[in-house]
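Beneath this line is the structure, given in structure tokens, with notes to follow.
The values are calculated or read from the model by the stated rules, or taken from the named source; none is laboratory data. Not measured: the values here are computed from a predicted model. Cβ placement follows ideal geometry from the backbone for every residue including glycine, while neighbour counts extend to all protein chains displayed.
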Amino acid sequence: QGNTNYQVATKTGLGGTKICFDALVNDQIDFYPEYTGTGLLVLLKPNADFAKKIAHDKDKTYNYVKDEFIKKFGIKWLTPIGFNNSYALMMRRKQSKELGVYSITDLKQYLDNNNNNK
């Protein structure tokens, strides 16, 4: 609303994907932001082999989700907004120094060399 002439009403704190999706399907909200991976795994729920096949390619995932949502729900996915939900691991600085772990590669090497400390 701040950069347009449109008047909008925001509804925040609705909850997770299922609540927002149900609100969208039931015309209680007009749209909400969603991760394509969540649309794929939580809402479409394809078999695990198919999900693994496309999950590492953002364009394949987006196109599949976009097409399936039209077919199954009559809902159109808009162009991605460019937000990326990349995950990272965290470790306390002291522990990182003690173990010599500064990257995921270092962590793998540490685990490979110390696999008896499960």
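Numerical summary
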read-out	value
Evaluation of Glu98 against (1) assigned by TED's automatic domain parsing to the domain that holds Gly16; (2) of a type in the set (D, E, K, R); (3) assigned to a helix (DSSP H, G or I) (one fails), failing number	(1)
Enumeration of residues in the range 38-74 that are more than 23 Å from Val25 (Cβ to Cβ) and aliphatic (A, V, I, L, M)	Ala48, Ile54, Ala55
Of all residues in the range 71-102 being β-branched (Val, Ile, Thr) and surrounded by 12 or more Cβ atoms within 10 Å (Cβ to Cβ), the one that is farthest from the chain's Cα centre (by Cα)	Val101
Which numbered condition Trp77 fails, given (1) outside the structural domain of Gly37 (by TED's automatic domain parsing); (2) closer than 30 Å to Asn26 by Cβ	(1)
Test: residue in the range 9-16 that is modelled with pLDDT under 95 and buried (at least 16 other Cβ atoms within 10 Å of the Cβ)	no
Residue count, the range 74-91 (criterion: among the small types (Gly, Ala, Ser) and in contact (Cβ under 8 Å) with a residue 24 or more places away in the chain)	0
Tyr32 being under 22 Å from Gly13 (Cα atoms), assigned by TED's automatic domain parsing to the domain that holds Thr12, modelled with pLDDT of 90 or more and surrounded by 12 or more Cβ atoms within 10 Å (Cβ to Cβ)	yes
Criterion (without any contact (Cβ under 8 Å) to a residue 24 or more places away in the chain and on the phi > 0 side of the Ramachandran plot) met by exactly one of Lys45, Lys60, Lys53, Lys71	Lys45
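Residue-wise test of (1) of a type outside the set (Val, Ile, Thr); (2) touching a helix residue (DSSP H, G or I) at 6+ places or on another chain (Cβ under 9 Å).
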| residue | (1), (2) |
| --- | --- |
| Gly2 | yes, no |
| Cys20 | yes, no |
| Asp27 | yes, no |
| Glu34 | yes, yes |
| Gly39 | yes, yes |
| Leu43 | yes, yes |
| Ile54 | no, yes |
| Lys58 | yes, yes |
